[in-house]
Amino acid sequence: MIATKAYAALSPISGLAPFEFERRDLRPDDVQVEILYCGVCHSDLHQARDEWGDSIYPMVPGHEIVGKVTAVGTSVTRFRAGDTVGVGVIIDSCNSCKNCKAEYEQYCLDGPTGTYNAMERDGITISQGGYSSQIVVKEKFVLKVADTLDLKAVAPLLCAGITTYSPLRYAKVGPGMKVGVIGLGGLGHMGVKFAVSFGAEVTVLSTSPHKEADAKKLGAAKFLLTKDKAQMKAHDNYFDVLLDTVSASHNYSSYLHLLGLEGKLMVVGLPAEQPKVSPFSLITNRRSIIGSMIGSMKETQEMLDYCAENNIVSDVELIPIQIINEAYERMLKGDVKYRFVIDLKTL
Ligand code: NAP
Ligand code: ZN
């Protein structure tokens with residue numbers, strides 16, 4: 001077994017504190033990774049505090065992992081020691097259901113195995129995430145990362161990046177389309193970067209007036225303050241696609257009127273509360289609401305390669321792991337530009 005240092009939540013109210021545990025010895029198809037950087041996703045906070053009601057403790061969060069391969073199992077062919085790699089939100093799936101066979105591991109019908117807070121497929125081990133010194137992951141769920149990019153700013157691509165890239169691709173976002181990104185946080189700012197890079201006209205819809213300048217710097221053509229009823233009304237039937245990245249309770253109906261004919265509300269934000277939807281706001285313009293969960297391994301690699309070619313990374317604030325609890329509080333206040341990333345050297 002491999003001794004591993006980490007930070008873990010011990011209960012929904014404990015906050016995170018130093019924690020030690022053991023990773024498994026390498027199986028033939030395993031890759032061992034020394035973690036350099038791990039992004040801090042709002043999902044980490046939701047789960048550390050048991051906001052989704054399925055938390056298992058002790059919990060080491062973290063699913064935006066970038067590191068260096070330190071060892072590989074005997075049957076591994078795609079990686080060797082020294083390679084720069086990434087690990088995202090899932091580390092396994094059943095590999096035999098219809099969706100897995102179609103290479104949609106994230107939609108595994110048996111449930112994909114989360115990088116943390118999940119029962120692994122051995123039926124014994126609880127997975128533990130990237131707020132730790134190292135991780136052991138099946139080769140299939142390890143991604144290649146180009147060394148040409150700033151690695152601390154690559155880490156958030158493994159969740160915030162793919163979670164926004166995938167629905168924008170699914171909605172075929174491109175030139176001539178009007179895209180609104182709701183919520184300018186970790187996911188939202190990546191959504192803006194991708195939609196701009198795909199050639200769309202992008203608007204940020206935000207509750208925070210002070211984010212307007214940043215939205216424009218990220219490439220948004222417009223900024224809509226969602227609390228301003230007149231500004232919202234002026235954009236009735238305006239958008240082709242809205243990407244909802246909101247982490248807190250809100251109603252879909254307050255955004256649906258902004259969609260034009262066959263407009264799509266792509267939902268990725270996961271507040272615990274059930275949102276309200278009026279069927280009238282759906283039948284008008286034949287609008288739809290479509291959910292999207294991260295992306296497949298294939299699409300995640302495609303996204304990482306796209307980012308390397310187009311020089312796209314996340315805007316990050318690097319933090320020592322010792323201030324992770326403070327970082328969670330700041331994330332709740334929207335006080336982060338636009339993703340915290342933990343420097344695991346500080347562990
Ligand atoms: P984040 O950085 O905290 O950003 C969330 C943003 O939502 C905030 O910056 C804020 O933007 C907006 N917001 C907050 N409270 C709001 C409210 N009451 N009404 C309207 N807007 C509000 O969080 P994140 O890491 O981007 O994650 C966003 C959500 O996506 C989380 O729920 C997370 O669990 C989920 N998620 C889903 C997937 C998936 O596969 N579908 C993957 C990863 C994360 P403004 O200040 O601009 O309003
Ligand atoms: Zn995430």
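Defining a contact as two alpha carbons under 8 Å apart and six or more residues distant in sequence, what relative contact order in percent does the chain show?
17 percent
Rank-order 17-26, 131-140, 161-170 by packing density, defined as the average count of other C-beta atoms within 10 Å over each peptide's residues, highest first.
Result, highest mean first: 161-170, 131-140, 17-26.
Return the distance in nm (one decimal) between the two label points of a simple spin-label model at Ala221 and Ser11, each offset 7 Å from Cα along Cα→Cβ.
5.3 nm
At a threshold of 8 angstrom on Cα-Cα distance, excluding pairs fewer than six apart, so keeping six or more, what relative contact order does segment 271-347 reach in percent?
27 percent
Roughly how many Å² is the accessible area per residue of the chain, as a whole number, for a 1.4 Å probe?
42 Å²
Could you check the simple spin-label distance between Lys144 and Phe21, using points 7 Å along Cα→Cβ, in nm with one decimal?
Taking the two extended label points, one gets 3.1 nm.
Under a Cβ-Cβ cut-off of 15 Å, what is the net charge of the residues other than Thr77 that fall near it, where Lys and Arg count +1 and Asp and Glu count -1?
+2
As an exercise, take the mean of 1/r over every pair of distinct alpha carbons in segment 1-143, invert it, and state the Kirkwood radius in angstroms.
It works out to 15.3 Å.
Restricting to Cα pairs below 8 Å that are 6+ residues apart, what does the relative contact order work out to for segment 161-291? Please round to a whole percent.
Computed value for segment 161-291: 22 percent relative contact order.
Got a number for carbon plus sulfur as a percent of segment 200-257's accessible area, 1.4 Å probe?
53 percent
What list of ³J(HN,Hα) couplings, whole Hz, do you get for segment 121-132 from phi and the Karplus terms 6.51, -1.76, 1.60, once you set θ to phi - 60° and write x for glycine and proline?
6, 6, x, 10, 8, 8, 5, 10, x, x, 7, 8
Once phi is turned into θ = phi - 60°, what whole-Hz ³J(HN,Hα) does the Karplus curve with 6.51, -1.76 and 1.60 give for every residue of segment 27-44, x standing for Gly and Pro?
7, x, 9, 9, 10, 9, 10, 7, 7, 8, 9, 9, x, 10, 9, 4, 4, 4
Amide H neighbours of Ile289 under 5 Å, at least 5 residues apart or on other chains, H built in the peptide plane: list them.
Leu265
Based on alpha-carbon centroids, what's the gap between segment 239-287 and segment 138-200 in Å, whole number please?
Using only Cα atoms to place each centre, the spacing works out to 20 Å.
Can you figure out the FRET efficiency of Leu109 with Tyr57, using R₀ = 35 Å and their beta-carbon distance, to the nearest 0.05?
0.80
Using amide H atoms built in the peptide plane, which far-off residues or other-chain residues are under 5 Å from Leu184 H to H?
Thr207
Quick one: net charge around Asp315, please, counting Lys, Arg +1 and Asp, Glu -1 for every other residue with C-beta under 10 Å from its C-beta.
+2
Note the full-extension length gain between Thr77 and Leu332 as 0.36 nm times their separation in residues minus their Cα-Cα distance, in nm to one decimal.
Fully extending the segment from Thr77 to Leu332 adds 87.6 nm.
Which cross-chain or sequence-distant (5 or more) residues have an amide H under 5 Å from the amide H of Asp92, H modelled 1.01 Å from N in plane?
Close amide H contacts, sequence-distant or interchain: Thr113.
Based on Cα positions only, what radius of gyration and what Dmax would you give for the chain, in angstroms?
19.7, 63
With Cβ to Cβ distances under 15 Å as the rule, what net charge do the other residues near Pro175 carry (K, R +1; D, E -1)?
Charge balance in the 15 Å sphere: +1.
Using a Gaussian network model of the chain whose springs link C-alpha atoms within less than 10 Å, name the residue from Ala171, Ala220, Ala48 with the highest mean-square fluctuation.
Ala171
The values are calculated or read from the model by the stated rules, or taken from the named source; none is laboratory data. The model shown is predicted, which means the values in this text are computed figures rather than measured ones. Quick reminder, even Gly has a Cβ in these numbers, built from the backbone with ideal geometry, and neighbours come from all protein chains shown. Keep in mind that these areas ignore ligands, DNA and RNA; they rest on the heavy atoms of the full protein, side chains included. Shrake-Rupley method; radii C 1.70, N 1.55, O 1.52, S 1.80 Å.
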